[in-house]
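Novice: Before anything else, here's the structure in question.
Where a number appears in this text, it was derived from the coordinates with a stated rule and is not lab data. Small disclaimer: the values here were computed from a predicted structure and weren't measured. Please note: Cβ atoms are built from the backbone with ideal geometry, for glycine as well, and neighbour counts cover all protein chains shown.
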Amino acid sequence: MRTRPGICRRKARYASEEAALEVAARAPFPLRPYRCALCRQYHLTSRTKGMRLPRFEIERRRKLKEPAP
Ligand SMILES: [Zn+2]
C-alpha cells in the first residue's frame, strides 16, 4: 500500500506488526496493520476491503455467527 507523507505523520506508528495487531484486536471496528514504506513501521487502516483478515477478526466473526449459549 502506498502511504502519503501526511498520512504517515498523522497516524500512530507501531514498531512491529504484533504491536499493531494488539491494538487492532481491541478496537471496536476492523483494523488492519500494514507496513509503511515511508517510516518502515506499522500503521493501522480501516480499509480492510480485499485484505486478508487477521486471525482475531476471523475468530470474532465466527463467534458472532454462533448462537449464544
Ligand atoms: Zn509511516
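Matching residues to (1) within 16 Å of the ligand (Cβ to nearest atom); (2) hydroxyl-bearing (S, T, Y):
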site	(1), (2)
R9	yes, no
A15	yes, no
P28	no, no
Y34	yes, yes
C39	yes, no
R47	yes, no
R62	no, no
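Novice: Of the conditions (1) of a type in the set (V, I, T); (2) away from the ligand (no atom under 16 Å from the Cβ); (3) in a helix (DSSP H, G or I), V23 satisfies every one except a single condition; which number is it?
Specialist: Of everything listed in (1) of a type in the set (V, I, T); (2) away from the ligand (no atom under 16 Å from the Cβ); (3) in a helix (DSSP H, G or I), V23 misses just condition (2).
Novice: Which pairs turn up if I take residues in the range 54-65 that are touching a residue at least 24 places away in the same chain (Cβ under 8 Å) and look for partners that are of a type outside the set (D, E, K, R) with beta carbon separation below 7 Å, at least 6 apart in sequence or on another chain?
Specialist: Here the result reads P54/L21; P54/A24; F56/A25; E57/P30, each pair linking the range 54-65 to a residue that is of a type outside the set (D, E, K, R).
Novice: Follow-up. Mind listing just one residue for me: the one in the range 22-52 that is farther than 25 Å from R4 by Cβ and of a type outside the set (D, E, K, R) and, of those, farthest from the chain's Cα centre (by Cα)? If you could, list the steps in order and put the result at the bottom.
Specialist: Within the range 22-52, the subset farther than 25 Å from R4 by Cβ is 22, 25-26, 28.
If we keep only those that are of a type outside the set (D, E, K, R) as well, we get 25, 28.
Values: A25: 8, P28: 12 Å.
Among those residues, the one meeting the criterion is P28.
Novice: Continuing with the same structure: Which condition number in (1) in contact with a Ser or Thr (Cβ under 9 Å, 6 or more places away or on another chain); (2) loosely packed, with under 10 Cβ neighbours inside 10 Å is the one that K65 fails?
Specialist: (1)
Novice: Scan the range 34-51 residue by residue and report those that are of a type outside the set (D, E, K, R), farther than 14 Å from R9 by Cβ and surrounded by 13 or more Cβ atoms within 10 Å (Cβ to Cβ).
Specialist: Within the range 34-51, Y34, Y42, L44, T45, T48, M51 meet the criteria.
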